[in-house]
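Chemist: Before I ask anything, here is the structure I am working with.
The values are calculated or read from the model by the stated rules, or taken from the named source; none is laboratory data. Everything quoted here is computed from the prediction, not taken from an experiment. Using ideal geometry, Cβ is built from the backbone for each residue, glycine included, and neighbour counts are taken over all protein chains shown.
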Ligand code: C2E
Ligand code: CA
Ligand code: CA
């Protein structure tokens, strides 16, 4: 729309002024009989000229829309013809009128006006009506015929019929023009009822159709003032034609520049109105012309038709209410199918279809995959209700942070997404906003959650799956980078990530094929070098790669949840092995077996029961089992704390692994029933000497000393990890450590090798 938004109101005012002037002139002429009668003809061509100008402007303004453009164009041609015809009439009137008697319309003028009407009718007829299928078209044709006859009957009865049968002189031109206008009007009105809101405004079309009604006005004037379409109709009725035209221009203008109202179609009511309209002439006949027997017959026919209308109308109302219900129900179903029940966000299906539409429509999209870090922990430790509340709060946060361009989505579980279509917002900006929002605790439970976000952008034409895959890869990369971060997908990123993803699948297979083996690393008494315990360390006997270190697959197993099954296997196997060593070697067997437990296992509700089952099934007494936990695993949640106290109560000892590397190692010693601390290898490394930086050595020694003193005070056992040479062992001994573990003392080994070692040890003890 090139023009400014204002609808051309001045045309309406101009034509309205002309109408008023014409009416005033008529009143004066009628009362005082002054002035030539030809003045009555001036307003119509002038008004017509204004409407031509208005239509020209509208035509230019709607040139982008072919339907509206055609409608305006044809109407413009019609308005030109009518204006020329009326102008000729006015000129004719000025030249030939005698006293109060205007001359007849010339054939040429009548043809012009007739063409004008025909063009207007054509314009209205070409506006497309949308129908769904043959059945509806048939019904619509029936309805339109009913409506046509319904409109035509009263117009005929009150307008045309009296004119034709009148004794006064009517020119053929006037009569055919009125007939034509009448047809246009009826056809136009019935048509409007079937239009949905399209390129041509319904009000505009209605106004155009009403131009034809001026014909009925002319007829009424003629019967009332007793002339043959002279000054009264020329001055009073016909100027309304251009007024209706400029009003139509204004309506179309307003709707074309976006003030379109959504209006209901009135087609359903039309047949009833038509029947009611037909009753009007019937009543007139009943009242005016018939004797009483005939009146009774017609009267009862009218009453019956009114009752049928009422009956139909009630049924129609019921149907309408029913339809409304069905529609509401449908909308609800549609909403449910496209939205997530818990959070109310769009669901995966809607996410995909919106993205698909955008990509086929030539818009690019940016996808943010948002995955909550450790949501499962919240769910497992605090319960599903708390988890649900958290998800709802996250959804609310996403809704806020997604901004106007973004569609927030819940893909499933704790996975969310934000879809940015075409817009100007940069993915990184939104991602940062989300991470910022998550630095504050959310939900009524004041939980602190973090999220990893993967960002991928695709141009129009890309496939939905490829964008999602890229966003997924980026999200994985974000998780690998230590969570609470966003990563944008870059080409080449997929390979390591998919390798990682593949690892998950491989692990599952490996578990089924029993490719995992438990190795044992002896824990020795630093004073006597006797084996006092063994740490169970899992190994993966990969068919191609040989023995794979747990550092490579434990993280993947934790992420995929496979650690549960793997952990259960290691626990059972270690218990079974320890029980068997105890049976075989008695007091020469390792006093305990230490099993590593990851955070995810600890958060499992069944963990304590699993441990009890393993002990019962293997016949191992709880005192021979140690569970090694890391600080990060222990730190979270009351459920973990309960589990640890239960285990302690059952007689299982707990060891704090990698002691000293975390932030709250000390406070943990107070809150949890820890029996053993394992001094982390990093404090043992370089304990014996450090030529480069003696201060460093002193610091390590200080930690090692502090730990041993603390353990002494709390009556905890200590194990120094990662002893790689005799000097370190000596230093640790000097510091007061009684137990140690490390490559220097013994490598991790298979159960069979460990058995051999135990045999050798027993022999050594026996031989003194
Ligand atoms: P961790 O619990 O700290 O286990 C000690 C790791 O240090 C073992 O590595 C062991 O082989 C290694 N180590 C022992 N002595 C020395 C030494 O003198 N020098 C050096 N450089 N390293 C030494 P491994 O077996 O590769 O295990 C790595 C980690 O994998 C373990 O660290 C543990 O966190 C995890 N892990 C192993 N098995 C399991 C398991 O069954 N379940 C769970 N959840 N985690 C396990
Ligand atoms: Ca360990
Ligand atoms: Ca350790």
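Chemist: Applying the selection to the range 322-352, what residues are part of a helix (DSSP H, G or I), without any contact (Cβ under 8 Å) to a residue 12 or more places away in the chain and under 17 Å from residue 410 (Cα atoms)?
Modeler: 334, 335, 336
Chemist: Is there a residue being within 16 Å of ligand 2 (Cβ to nearest atom) and in a helix (DSSP H, G or I) anywhere in the range 696-706?
Modeler: No, the range 696-706 contains no residue that is within 16 Å of ligand 2 (Cβ to nearest atom) and in a helix (DSSP H, G or I).
Chemist: I'd like the full set of residues that are under 24 Å from the mean Cα position of the chain (by Cα) and farther than 18 Å from residue 352 by Cβ, limited to the range 314-340.
Modeler: Within the range 314-340, 326, 327, 328, 329, 330, 331, 332, 333 qualify.
Chemist: Could we say that residue 626 is in contact (Cβ under 8 Å) with a residue 40 or more places away in the chain, closer than 24 Å to residue 736 by Cα, within 15 Å of ligand 2 (Cβ to nearest atom) and assigned by TED's automatic domain parsing to the domain that holds residue 583 here?
Modeler: Judged against the criteria, residue 626 is a match.
Chemist: Additional query: Just checking, does the range 716-727 include any residue being exposed (fewer than 12 other Cβ atoms within 10 Å of the Cβ), within 21 Å of residue 665 (Cα to Cα) and more than 13 Å from ligand 1 (Cβ to nearest atom)?
Modeler: no
Chemist: If you don't mind, there's one more thing I want to ask. With (1) surrounded by fewer than 19 Cβ atoms within 10 Å (Cβ to Cβ); (2) in contact with a strand residue (DSSP E or B) (Cβ under 7 Å, 6 or more places away or on another chain); (3) at pLDDT 90 or above as the list, and residue 547 as the residue in question, which single condition is left unmet?
Modeler: (3)
Chemist: Can you tell me which residue is nearest to ligand 1 (Cβ to nearest atom) among those in the range 622-644 that are more than 27 Å from residue 722 (Cβ to Cβ) and loosely packed, with under 14 Cβ neighbours inside 10 Å?
Modeler: Among those residues, the one meeting the criterion is 642.
Chemist: Could you tell me whether the range 748-758 includes any residue that is more than 16 Å from ligand 1 (Cβ to nearest atom), touching a helix residue (DSSP H, G or I) at 6+ places or on another chain (Cβ under 7 Å), modelled with pLDDT of 95 or more and at positive phi?
Modeler: Looking through the range 748-758, none of the residues is more than 16 Å from ligand 1 (Cβ to nearest atom), touching a helix residue (DSSP H, G or I) at 6+ places or on another chain (Cβ under 7 Å), modelled with pLDDT of 95 or more and at positive phi.
Chemist: Applying the selection to the range 717-741, what residues are under 22 Å from residue 674 (Cα atoms), assigned to a loop (DSSP other than H, G, I, E, B), within 16 Å of ligand 3 (Cβ to nearest atom) and touching a helix residue (DSSP H, G or I) at 6+ places or on another chain (Cβ under 8 Å)? Give the derivation first.
Modeler: As a first pass, look at the range 717-741 and keep what is under 22 Å from residue 674 (Cα atoms): 717-722, 732, 735-741.
Then drop every residue that is not assigned to a loop (DSSP other than H, G, I, E, B), which leaves 721-722, 736-738, 741.
If we keep only those that are within 16 Å of ligand 3 (Cβ to nearest atom) too, we end up with 721-722, 737, 741.
Scanning the range 717-741 gives 721, 722, 737.
Chemist: Restricting to the range 581-599, name every residue that is touching a residue at least 60 places away in the same chain (Cβ under 8 Å), more than 16 Å from ligand 2 (Cβ to nearest atom) and either surrounded by fewer than 21 Cβ atoms within 10 Å (Cβ to Cβ) or within 45 Å of the chain's Cα centre (by Cα) (or both).
Modeler: Answer for the range 581-599, where residues must be touching a residue at least 60 places away in the same chain (Cβ under 8 Å), more than 16 Å from ligand 2 (Cβ to nearest atom) and either surrounded by fewer than 21 Cβ atoms within 10 Å (Cβ to Cβ) or within 45 Å of the chain's Cα centre (by Cα) (or both): 584, 585, 588.
Chemist: Going residue by residue through the range 681-689, is there one that turns out to be surrounded by 13 or more Cβ atoms within 10 Å (Cβ to Cβ) and closer than 30 Å to residue 576 by Cβ?
Modeler: Quick first cut of the range 681-689, residues surrounded by 13 or more Cβ atoms within 10 Å (Cβ to Cβ) only: 681-688.
When the remaining residues are screened for being closer than 30 Å to residue 576 by Cβ, the result is 681.
There is at least one residue in the range 681-689 that is surrounded by 13 or more Cβ atoms within 10 Å (Cβ to Cβ) and closer than 30 Å to residue 576 by Cβ.
Chemist: When you scan the range 22-61, how many residues do you find that are over 60 Å from the mean Cα position of the chain (by Cα) and surrounded by fewer than 23 Cβ atoms within 10 Å (Cβ to Cβ)?
Modeler: Qualifying residue count, the range 22-61: 17.
Chemist: Let me ask something additional. Show me the helices (runs of 4 or more DSSP H) entirely contained within the range 185-287 in which 2 or more residues are under 28 Å from residue 73 (Cβ atoms) and modelled with pLDDT of 80 or more.
Modeler: Correct list: 202-211, 240-254.
Chemist: Look through the range 625-649, keep the residues that are at pLDDT 85 or above and within 16 Å of ligand 3 (Cβ to nearest atom), and return whichever of them is farthest from residue 380 (Cα to Cα).
Modeler: Only one residue tops the list, namely 626.
Chemist: Tell me, yes or no, whether the range 573-580 has at least one residue that is free of Cβ contacts under 8 Å to residues at least 24 places away in the same chain, buried (at least 16 other Cβ atoms within 10 Å of the Cβ) and away from ligand 2 (no atom under 16 Å from the Cβ).
Modeler: Yes, because at least one residue in the range 573-580 is free of Cβ contacts under 8 Å to residues at least 24 places away in the same chain, buried (at least 16 other Cβ atoms within 10 Å of the Cβ) and away from ligand 2 (no atom under 16 Å from the Cβ).
Chemist: In the range 650-673, what residues are part of a loop (DSSP other than H, G, I, E, B) and modelled with pLDDT under 90?
Modeler: Those that are part of a loop (DSSP other than H, G, I, E, B) and modelled with pLDDT under 90: 660, 661, 662, 663, 664, 672.
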